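See structure below.
Values in this text are rule-based calculations from the coordinates and carry no lab data. Just so you know, these numbers come straight off a predicted model, no measurement behind them. Glycine also receives a Cβ, built like all others from the backbone with ideal geometry; neighbour counts cover every protein chain displayed.
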């Protein structure tokens, strides 16, 4: 199948490209290096430097065989998006092309404005490129479990039947996010759902939790093919931060009470899920929404797991509570449904001692590149006014 | 009170400015003439030409006394918005500065892109101008009843308690709009609600139905102060179209079955509502949502009322069904709540024979300027793909 991957330079974009190319698809990646540029701007570069996309595609072809086409272009410029569609003629598009950092979106007018405009216009231009050039194309859009926030009711997969005063109707599950970035993902879903209703697009929205993992079946073929690993407060997730802190002998910093619970998954499962959805497309006029995670964990549980995995490698790991820089519930109900992807055949990998131990060893090999000054929170949104 | 009115050149913006100035407030209007430019671009100019804002403010001062300050600026340019805040130091902002045409937002890439980016960035810049220059300022934002769509359950005022599997929580009422324009208004609400939660803004969101009416207490002082009256398929509402068709001897064109029901209100009631809300601001960290309409009417009912009012003026009025150019339910449940504004003291005007008769007479005085070719639908979004 001809597949276009928007945001193909990213933590998930590049591994997805390799996985789909290895599986025999004709893969084109498109990126404008926005994440690299924001990382540079915010002093948040990845732990392990990655070659650029053209170079990564060259290495991949050398060690694995398949060709991955590379287009350097900006999804917020419609003509550039349309040109990519004409060149690639995609049967499916995987849409990762978003500014993905919550803290960056809360850092300043600049960060907020860039996030809002980049993310909404990328999705908007994708919709129009499909309408004008590939109306039958299946859009696989990465949403986030963060769109749901932490409601006091069970989180269904995208939709909910509401009974109210003796009548009922079916609606998108109510969403309420914790950062502007996550709010733009709500807008993405609403925008796609609107054009699904009016113009019959076919869309799958994957509501994904935070992803961890440093290796995939293809990335291990050459160190230059590794996924990006960010551990700073802008792009690093809590798992990455804890791994780096454990290796660097810094205490694991838990924000607030540490009861913040989210659904996590291994990067290998992200690749599985995208593959399964590619093989099971949404129908014309259908918005299929699937929750994409494998286990719900609190920050305290993750800290404890990293501490235990560290002990087995003779790392002495402390855990330290920090005042929470974010505005979020620190203890809350959290019960998301996971069934659609399991029904399609997902075989989960879990955050075991062994998995964490392997990640600690990869991070340990780059211990000397760890910059301790970019780990602690630099962006706060816990104060009114 | 110092009040800044964004979109002060509009159908509602200018009458609001006059009403608040007459009531003793210090009023500044800001506009970039976007609606006039789009009207020109789409061959959709108003029936009665209006002087520009500076001239209207001059005439108003001459005939009524108070000064209305005029700023010509673009809300999507942050520095222009920030400059207006520094100059005006508003205690309240009334936000009408949006591209308001559903059909224009569905007409083309250009129309859709302009609507999405104008509306979202105007609201976004307003939020940041308040955060940076006037954190205590009360934002009165005009939403639309169209955000709710036509759900099969009663429409509450902004919020709903959802009971689900034995647990419950309170959410924004689910919204699902019928045009991209209306979808951008959903985004506005979500964006404001996000910054209310994180930064303690004070916001009132007025979910307003379609407004009709050609006169206000101030507009009658001089014909140059009249509200804009659009009757074309881009900016004209169904009421205006019917009035013009009745005067021009064209059949009233009902789209589809004509059971499409919405909550309507007289422009005099819009002014009342904004005045009431100005006097009863939201608290810090509060998003107050009020439904703003006075009576629910179907298209068929409006056609029948215009026909009856026309008969009293010896107009022979036919009613004709047209294939619906829009994607919408033509028969549906519709039961919106109206209580918040009544509790604040709203005294409704209704769409009576007398009110319609007065409007028919104003339109009749401009019979010779009616352009019959811009009344019929030029934009369609009823087809898939």
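Some notes on this structure:
- For residue B:314, inter-copy label distances in nm, listed shortest first [label point 7 Å out on the Cα-Cβ vector]: 10.8
- Placing a label point 7 Å from the Cα of residue A:166 along the Cα-to-Cβ direction, the distances to the matching points in the other copies come to 2.8 nm, shortest first.
- GNM remark for chain A: springs join alpha carbons under 10 Å apart, and the peak mean-square fluctuation among A:174, A:100, A:336 falls on A:174.
- Exposure proxy order (Cβ contacts within 10 Å, fewest to most) of B:101, B:168: B:168, B:101
- Ratio of Rg to Rh for the range B:140-182: 1.04 [Cα atoms; Kirkwood radius as inverse mean 1/r over pairs].
- Under the criterion of Cα pairs below 8 Å and six or more residues apart, the relative contact order for chain B equals 19 percent.
- Scaled against 2.2 N^0.38 Å for its residue count N, the alpha carbon radius of gyration of chain A is 0.95.
- Among beta bridges that DSSP assigns inside chain A, antiparallel share in %, nearest 5: 20
- Order of B:47, B:313, B:4 under a 10 Å beta carbon neighbour criterion, fewest first: B:313, B:47, B:4
- The mean sequence distance of close C-alpha pairs (under 8 Å, at least 6 residues apart), as a share of the length of the range B:127-192, puts its relative contact order at 33 percent.
- Overall dimensions of the range A:231-288 by Cα: Rg and Dmax, Å: 17.2, 53
- For the range B:9-93, the Stokes-Einstein estimate of translational diffusion at 10 °C and a viscosity of 1.306 mPa s comes to 115 µm²/s, using the Kirkwood hydrodynamic radius over alpha-carbon pairs.
- Placing a label point 7 Å from Cα along the Cα-to-Cβ axis, residue B:136 is separated from the same position in the other copies by 6.3 nm, shortest listed first.
- Placing one equal scatterer on every Cα of the range A:279-371 and applying the Debye formula, the log10 ratio I(q)/I(0) at q = 0.20 Å⁻¹ is -1.11.
- Each of A:70, B:54, B:362, B:306 was scored by other Cβ atoms within 10 Å of its Cβ. Listed from fewest to most, they are B:54, B:362, A:70, B:306.
- Relative protection proxy for A:71-79, A:327-335, B:187-195, A:314-322, from highest mean packing down: B:187-195, A:71-79, A:327-335, A:314-322 (other beta-carbon atoms within 10 angstrom).
- Rounded if a/c under 1.5, otherwise prolate or oblate - the range B:235-341, Cα gyration tensor axes: prolate
- The range B:48-80 and the range A:147-216 have Cα centres lying 42 Å from one another.
- Separation of alpha-carbon centers, the range B:328-385 and the range A:228-286, rounded to whole Å: 50
- Debye equation applied to the C-alpha atoms of the protein assembly as shown, log10 I(q)/I(0) at 0.08 Å⁻¹: -0.69
- Cα gyration tensor category, rounded, prolate or oblate, for the range B:154-282 with a/c compared to 1.5: oblate
- Counting only other chain Cβ atoms within 10 Å of each residue's Cβ, the peptide B:189-197 averages 4.
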